[in-house]
Amino acid sequence: MKTPSRILILSAVLLGGAVALSGCAVVDELVYKQRSADYADTSALSDGGHSVAWVPGDATRIRIIESTQGPDKALRVTSPTALDTAACRAGARLSGPSYAMEGTPNIYKVTDAFICGEWTVIATADGWFGWTPNSPEEQAAAAG
């Protein structure tokens, strides 16, 4: 018969192994209250349950980080295509993302952005980086 202390030790070892094998996903969700995902293209993004109107149809190498407790999201895409001017208007960047991502500019050095509804989007070296929610002031200024 196993003693309670052995059971606790075995449980801790198994839990530690499960966390180690699952990578950062468990830590992200439990500790940082966020989750991230990578998608090959817009079809995969849509299949993953995300609908982001400003993302160009030819976008690839899509990465999203989102809060598990609120509306905060950041999204980076690779695309040579300009943003749709019917969905996005040029404006001043007045907000910043909740999440940082590799391959994106230092947003505090960027003053111009595109306001795409509740998203603010800036150009990257190979595509676009956007975040939501943005500020009501950004939305009002972009509305004209």
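The values are calculated or read from the model by the stated rules, or taken from the named source; none is laboratory data. As the structure is a prediction and not an experimental result, all values here were calculated from the model. Note: ideal-geometry Cβ built from the backbone for every residue, glycine included; neighbour counts use all protein chains shown. Surface accessibility is based on the protein's heavy atoms, side chains included, excluding ligands, DNA and RNA. Shrake-Rupley method; radii C 1.70, N 1.55, O 1.52, S 1.80 Å.
Return only the number of the condition from (1) closer than 18 Å to residue 41 by Cβ; (2) open to solvent by 10 Å² or more (accessible area, probe 1.4 Å) that residue 130 does not satisfy.
Exception for residue 130: condition (2).
Any chance region 80-94 includes a residue that's under 20 Å from residue 110 (Cβ atoms), modelled with pLDDT of 95 or more, of a type in the set (Ser, Thr, Tyr) and surrounded by 17 or more Cβ atoms within 10 Å (Cβ to Cβ)?
So far as region 80-94 goes, no, none of its residues is under 20 Å from residue 110 (Cβ atoms), modelled with pLDDT of 95 or more, of a type in the set (Ser, Thr, Tyr) and surrounded by 17 or more Cβ atoms within 10 Å (Cβ to Cβ).
Mind listing whichever residues of region 95-105 are among the hydroxyl-bearing types (Ser, Thr, Tyr) and open to solvent by 50 Å² or more (accessible area, probe 1.4 Å)?
98 - this is the single residue of region 95-105 that is among the hydroxyl-bearing types (Ser, Thr, Tyr) and open to solvent by 50 Å² or more (accessible area, probe 1.4 Å).
Based on this model, can you work out whether residue 42 counts as within 19 Å of residue 133 (Cβ to Cβ), modelled with pLDDT of 90 or more and of a type outside the set (Gly, Ala, Ser)?
No.
Would you please name the residue that is farthest from residue 142 (Cα to Cα), looking only at residues in region 68-79 that are surrounded by fewer than 19 Cβ atoms within 10 Å (Cβ to Cβ) and at pLDDT 95 or above?
Among those that are surrounded by fewer than 19 Cβ atoms within 10 Å (Cβ to Cβ) and at pLDDT 95 or above, it is 78.
Pick from 40, 53, 125: which is open to solvent by 60 Å² or more (accessible area, probe 1.4 Å) and in contact (Cβ under 8 Å) with a residue 60 or more places away in the chain?
Result: 53 is the single residue among 40, 53, 125 that is open to solvent by 60 Å² or more (accessible area, probe 1.4 Å) and in contact (Cβ under 8 Å) with a residue 60 or more places away in the chain.
Looking only at region 62-79, count how many residues are in contact (Cβ under 8 Å) with a residue 40 or more places away in the chain and within 17 Å of residue 39 (Cα to Cα).
Number satisfying all stated conditions: 7.
Only one of (1) open to solvent by 30 Å² or more (accessible area, probe 1.4 Å); (2) within 14 Å of the chain's Cα centre (by Cα) fails for residue 111. Which number is that?
Tallying (1) open to solvent by 30 Å² or more (accessible area, probe 1.4 Å); (2) within 14 Å of the chain's Cα centre (by Cα), residue 111 fails exactly one: (2).
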